[in-house]
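K.L.:
Sharing a structure here in structure tokens format.
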Amino acid sequence: MKIVVGSSSMAKKIYFEEYFKDYDCEFVLGKDLGIEEPVENGLTSYENALIKAHHYSRKSNLPAIALDSSLLFLDFPIDHPIQVGSHVKSPQGKELSPIEMKNYYQQLACKHGGKLRCAWIDAYALADGELEYCRDDKDISKDQSFYLCDESHEKFIASQPLDSISKNLSNVFFYDLEEPGENELLIKEDHGQNKYHLFVEKVVDEIAELLNLKRKQEGTMKELRRFKQKMDKKEIVEILDRNTHGILSVYGLEGYPYPIPLSYVQVDQTLYFHCAKSGHKIDAILKNPKVSFCVVDDDTIVPEKFTTYFKSVIVYGSALIVNDEDERRKAFDALANKYSKDVAEHLKNEEIRKAGPAALIVRIDIEHMSGKKAIEYV
């Protein structure tokens, strides 16, 4: 399904593509269809989001989605003259250029002690003929608070002019936390604000349900939504190499997942483990060879931040019992060298000779790997 993004910003198109990546849909900018931007005369981001969604839907005869933001200065009453609401681009009635916007709010912060505590209120709207949907995040907006300040970062992106003068509550510039690309939005959850991310995921799922969007073909592994926290293949392989245990999950009795902690070794990006010749694990693998294997590389608790700094990897693949004697010996040698590397070779060989015949070697042929780490490690 084709969906119009009610904006001329490529950053917003990319933003929606990332959040809707699990669904079978295509996004196109309104400007690429020759649609002019509407007059946004709503008093709130909620109203302006609906105005944009309806405008682009009417002009294109397609469903249209829109995102609009209003700015709230948290230390001033809602009716104080400093409040700009949804008129962020035109705080004095005249629309400002991106650089004029940055300069205006920078000077405003200077007048008020060097920084202003703020929050964005974001509204997401959908329109498709008579269909209308809108949600905003005002209930959690204060959890996303930040500072607009009288200092400016050297980096400036015209589509997000205020990010250059934005700092988190620890007084760190947004651009020193992340280095997004030129067409990339600074997603709030990437600064540890998970409530916002969950809010957007709920919006995405509700819009998908309203439009009857289908998820992408079954059998295709879902990619991480928090895409900036995704590990590359090299880091995943290194984590599998250096760790000593993981959790194997198989299709267990009566359809229940059956997780088993076990030791393993990686050889040429294939996993091996040894086990007894009978038992629940082997029965399950013989019945259904599809398995997953999870390794937690780091789990550092950070109590003052109510979070953990983590790194973890999940491998998906098929498990099979190795019968070839050369491959069995290769796996036993790799296990012995990993877990008993300082033991004399003749002792390792003797142990393999004695214990090997009573054990199975199981190989996991990796079909998909994914890794995720805390945003603090990005």
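K.L.:
Determine which member of the set 35, 65 is surrounded by 18 or more Cβ atoms within 10 Å (Cβ to Cβ), in contact with a helix residue (DSSP H, G or I) (Cβ under 7 Å, 6 or more places away or on another chain), farther than 19 Å from residue 122 by Cα and among the hydrophobic types (A, V, I, L, M, F, W, C).
P.N.:
Going through 35, 65 in turn, the sole match is 35.
K.L.:
Let me ask another. Tell me, yes or no, whether region 110-117 has at least one residue that is out of contact with any helix residue (DSSP H, G or I) (no Cβ under 9 Å at 6 or more places or on another chain) and closer than 30 Å to residue 59 by Cβ.
P.N.:
No, region 110-117 has no match at all.
K.L.:
What number of residues in region 71-113 are surrounded by fewer than 16 Cβ atoms within 10 Å (Cβ to Cβ), among the hydrophobic types (A, V, I, L, M, F, W, C) and outside any helix (DSSP H, G or I)?
P.N.:
Here the count works out to 4.
K.L.:
May I ask you to say which residue of 53, 127 is part of a strand (DSSP E or B), within 28 Å of the chain's Cα centre (by Cα) and crowded, with 17+ Cβ neighbours inside 10 Å?
P.N.:
After ruling out the rest, the residue left standing is 127.
K.L.:
Only one residue in 292, 312 is in contact with a Phe, Trp or Tyr (Cβ under 7 Å, 6 or more places away or on another chain), under 30 Å from residue 376 (Cβ atoms) and small (Gly, Ala, Ser), so which one is that?
P.N.:
After applying the criteria, what remains is 292.
K.L.:
Still on this structure, please answer the following. So if I check each of 184, 154, 189, which one is closer than 28 Å to residue 373 by Cβ, modelled with pLDDT of 90 or more, in contact with a helix residue (DSSP H, G or I) (Cβ under 9 Å, 6 or more places away or on another chain) and not polar (S, T, N, Q)?
P.N.:
154
K.L.:
Sticking with this structure for a sec: List the strands (runs of 3 or more DSSP E) inside region 208-315, counting only whole elements, that have at least 1 residues being exposed (fewer than 13 other Cβ atoms within 10 Å of the Cβ) and at pLDDT 95 or above.
P.N.:
Passing ranges, in order: 257-262.
K.L.:
Also, I was wondering about something else. Evaluate region 338-353: report whether one residue or more is closer than 25 Å to residue 249 by Cα, surrounded by 11 or more Cβ atoms within 10 Å (Cβ to Cβ), within 36 Å of the chain's Cα centre (by Cα) and not β-branched (Val, Ile, Thr).
P.N.:
Scanning region 338-353, I find at least one residue that is closer than 25 Å to residue 249 by Cα, surrounded by 11 or more Cβ atoms within 10 Å (Cβ to Cβ), within 36 Å of the chain's Cα centre (by Cα) and not β-branched (Val, Ile, Thr), so the answer is yes.
The values are calculated or read from the model by the stated rules, or taken from the named source; none is laboratory data. Every value quoted in this text rests on a predicted model; they were computed, and no experiment measured them. Positions of Cβ are generated from backbone atoms using ideal geometry, with glycine treated the same way; all protein chains shown enter the neighbour counts.
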